[in-house]
Amino acid sequence: MRNPLSDKVVDIKPSGIRKFFDLVSEIPDAISLGVGEPDFDTPWRVREEGIYSLEKGRTFYTANAGLIELRTEISKYLEKKIHVSYDPAKEIVVTVGGSEGIDLALRAMLNPGDEVIIPQPCFVSYIPCTLMADGVPVTIPLKEENQFRLTKEELLAAVTDKTKVLVLSYPNNPTGAVMTKEDLEAIRDVVVEKDLFVISDEIYSELIYNGEHISIASLEGMRERTIVINGFSKAFAMTGWRMGYAVGPRLIMEQITKIHQFAIMCAPTTGQYAAIEALKNCEEDVQLMRESYNQRRKFLLNEFEKIGMKCFEPLGAFYAFPNITAFGLTSDEFANRLLKEEKVAVVPGTAFGDSGEGFLRVSYAYSIEELRNAMERIGRFVHRL
Amino acid sequence: MREEILRMIEKNSKINLHDMAVMLGKDEKEIANEIQDMENEKIICGYHTMIDWDKTNSEKVVALIELKITPERGEGYDKIAKRISKFREVSSLYLMSGAFDIAVFIEGKTMKQVAAFVSEKIAPLDTVLSTSTHFVLKKYKDHGVTMVGEENHERMAVTP
């Protein structure tokens with residue numbers, strides 16, 4: 001029999017998260033701070049709307065780009081939140097989670113050999129999706145001293161004649177870093193000067209603790225150069241619904257819609273009806289969840305300080321990214337021993353790129369009691385080292 | 001800050017001052033003062049405990065009594081409402097819009113006891129035109145807390 005597999009796919013490294021997940025699965029009573037999703041249930045009124053849509057028999061395909069009513073709500077929401085206006089008819093596609101949007105945007109924009117700049121540590125899908133779209137990933141190792149923000153100098157050093165796309169992801173998973181308007185303006189200058197495009201993954205845009213989320217798409221000259229990826233998973237605690245969206249200039253969105261049409265047809269209808277309710281009536285739920293994450297964030301940072309673990313202040317998402325270099329272990333060793341000796345699961349920073357070495361991703365999408373219990377164990381572990 | 005403090009202790013009045021200070025990013029003393037002030041201003045009226053009495057052996061019945069009232073000149077509903085609320089058996093009392101005027105929640109040991117209380121103490125009051133008594137059969141949710149059939153959803157241990 002011939003080799004049934006694609007070399008391109010076989011060559012892609014499996015996710016570091018997966019490896020760690022398998023390890024954790026062997027210890028069923030482990031306490032985990034390793035989860036990348038909210039611990040809240042989807043607000044009941046959203047779930048109820050999903051149930052109602054099923055009762056009404058709304059079980060058919062929708063338009064490829066999604067229900068026009070939902071796209072209109074997304075347009076209104078973005079206008080209000082990031083002050084950029086997108087045409088619901090031509091510039092918005094409802095996707096199966098933010099993840100699909102990332103894949104679509106890369107596939108729609110890349111020609112073989114085009115370089116994609118990916119600042120790391122970052123979400124796990126940017127590199128594999130770039131490779132599957134025949135692009136060439138070029139990573140920038142972000143620095144703790146810059147609070148894991150991308151600087152103009154770092155970007156300039158990575159740009160070549162072949163660079164086409166920059167992937168930005170703020171608020172960031174795994175670091176919790178946030179870019180200010182000034183930070184983004186510096187990046188914008190390079191992007192415009194070098195004639196690049198940006199895929200801006202803003203899935204954590206509602207979870208920001210020091211003011212308003214700024215999208216690079218809102219900066220002068222950037223609307224036509226940016227695909228914004230967002231979704232319902234983190235803001236409305238809807239991870240399992242797989243509801244996201246991509247928005248951008250019509251020229252690119254036409255091609256994105258084409259791929260989506262052939263690969264997916266349309267996002268699940270039930271979820272689309274639920275998502276309309278989320279955008280229309282759940283701002284208060286989002287605000288209460290944000291308040292709760294912020295309290296946990298402060299609690300966790302204080303716990304790190306108590307046990308002498310260095311951690312820069314994350315201002316977004318629901319992750320802290322403490323520095324563990326002082327303990328003389330690699331991220332992998334630290335996470336593995338912590339799991340075996342104290343039964344606490346945290347994700348080694350290296351699961352999000354080589355520049356995550358020396359760090360851990362600790363999620364605070366947990367109750368204060370769970371955080372307290374886990375941090376007691378981490379404290380015990382650290383004192384033994 | 002007040003509202004955030006209130007939302008915190010509304011759900012967990014046992015939370016300690018130190019944890020609150022950390023989570024709010026404020027000084028312990030500052031929060032203690034704020035709470036003290038809110039107690040003095042009667043914004044914070046007490047620290048009670050949520051109990052599901054159905055799970056204990058104690059006998060307890062709760063009833064909602066709808067009252068129709070003739071408002072008094074110069075007093076409206078205030079005088080009669082205050083008078084009824086003084087009974088130890090009355091746990092809550094609200095002035096309502098709609099088909100009746102005052103809703104009274106009464107706690108007693110038995111239905112008979114509650115019925116006797118209503119007919120002896122409430123119904124004969126001068127301005128009370130009528131009473132309608134409804135007994136609570138089962139408590140599903142109280143003060144935002146679901147009492148029945150709370151499900152536990154498991155997330156996977158590690159996700160990206």
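The values are calculated or read from the model by the stated rules, or taken from the named source; none is laboratory data. For clarity, every value in this text was computed on a predicted model and none was experimentally measured. Every residue, glycine among them, receives a Cβ derived from its backbone with ideal geometry; neighbour counts consider all protein chains shown.
Tabulated data for the structure shown
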quantity	calculated
Residue identified as surrounded by 15 or more Cβ atoms within 10 Å (Cβ to Cβ), over 16 Å from A:M238 (Cβ atoms) and more than 24 Å from the chain's Cα centre (by Cα) among A:R71, A:R58	A:R58
The range A:331-370, subset hydroxyl-bearing (S, T, Y) and crowded, with 19+ Cβ neighbours inside 10 Å, residue farthest from the other protein chains (Cβ to nearest Cβ)	A:S355
Residue in the range A:355-364 that is at negative phi, in a helix (DSSP H, G or I) and among the charged types (D, E, K, R) present	no
Qualifying positions in the range A:107-138 - outside any loop (DSSP other than H, G, I, E, B) and of a type in the set (D, E, K, R)	A:R107, A:E115
Unmet criterion (only one of (1) in contact with a strand residue (DSSP E or B) (Cβ under 7 Å, 6 or more places away or on another chain); (2) crowded, with 17+ Cβ neighbours inside 10 Å) for A:D103	(1)
Residues of the range B:3-20 satisfying the condition of being touching a helix residue (DSSP H, G or I) at 6+ places or on another chain (Cβ under 7 Å) and more than 18 Å from A:Y293 (Cβ to Cβ)	B:L17, B:H18
Qualifying residues in the range A:32-45 (those that are more than 9 Å from chain B (Cβ to nearest Cβ) and not in a loop (DSSP other than H, G, I, E, B)) - the one surrounded by the most Cβ atoms within 10 Å (Cβ to Cβ)	A:R45
Qualifying residue in the range B:81-90 (condition: away from chain A (no Cβ under 14 Å), assigned to a strand (DSSP E or B) and surrounded by 14 or more Cβ atoms within 10 Å (Cβ to Cβ))	yes
Of all residues making up the range A:48-66, the number that are in contact with a helix residue (DSSP H, G or I) (Cβ under 7 Å, 6 or more places away or on another chain) and outside any loop (DSSP other than H, G, I, E, B)	4
The range A:269-314 - residue that is among the basic types (K, R) and either in contact with a helix residue (DSSP H, G or I) (Cβ under 8 Å, 6 or more places away or on another chain) or buried (at least 20 other Cβ atoms within 10 Å of the Cβ) (or both) and, of those, nearest to A:Y61 (Cα to Cα)	A:K280
Residue check, A:I51 more than 10 Å from every other protein chain (Cβ to nearest Cβ), within 28 Å of A:I264 (Cα to Cα) and either surrounded by 15 or more Cβ atoms within 10 Å (Cβ to Cβ) or not basic (K, R) (or both)	yes
Selection status of A:S99, within 14 Å of chain B (Cβ to nearest Cβ) and closer than 27 Å to A:L155 by Cα	yes
Residue within the range B:4-25 that is acidic (D, E) and over 29 Å from B:I106 (Cβ atoms) present	yes
Some residue of the range B:105-125 being assigned to a loop (DSSP other than H, G, I, E, B) and either within 30 Å of B:M1 (Cα to Cα) or acidic (D, E) (or both)	no
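Results for (1) more than 13 Å from every other protein chain (Cβ to nearest Cβ); (2) among the small types (G, A, S); (3) closer than 26 Å to A:S15 by Cα; (4) assigned to a strand (DSSP E or B), shown as yes or no for each residue.
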{"position": "A:M253", "(1), (2), (3), (4)": "yes, no, no, no"}
{"position": "A:Y273", "(1), (2), (3), (4)": "yes, no, no, no"}
{"position": "A:I276", "(1), (2), (3), (4)": "yes, no, no, no"}
{"position": "A:M289", "(1), (2), (3), (4)": "no, no, no, no"}
{"position": "A:S292", "(1), (2), (3), (4)": "no, yes, no, no"}
{"position": "A:F299", "(1), (2), (3), (4)": "no, no, no, no"}
{"position": "A:G308", "(1), (2), (3), (4)": "yes, yes, no, no"}
{"position": "A:L329", "(1), (2), (3), (4)": "yes, no, yes, no"}
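Okay, residues lined up against (1) crowded, with 16+ Cβ neighbours inside 10 Å; (2) not assigned by TED's automatic domain parsing to the domain that holds B:Q113:
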residue	(1), (2)
B:I15	no, yes
B:M23	yes, yes
B:E30	no, yes
B:S58	no, no
B:V61	yes, no
B:R73	no, no
B:S92	no, no
B:S97	no, no
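Matching residues to (1) within 11 Å of chain A (Cβ to nearest Cβ); (2) part of a helix (DSSP H, G or I); (3) over 21 Å from B:D142 (Cα atoms):
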residue	(1), (2), (3)
B:M8	yes, yes, no
B:K14	no, no, no
B:H18	yes, yes, yes
B:A21	yes, yes, yes
B:K26	yes, no, yes
B:K29	no, yes, yes
B:A32	no, yes, yes
B:M38	no, yes, yes
B:I43	no, no, no
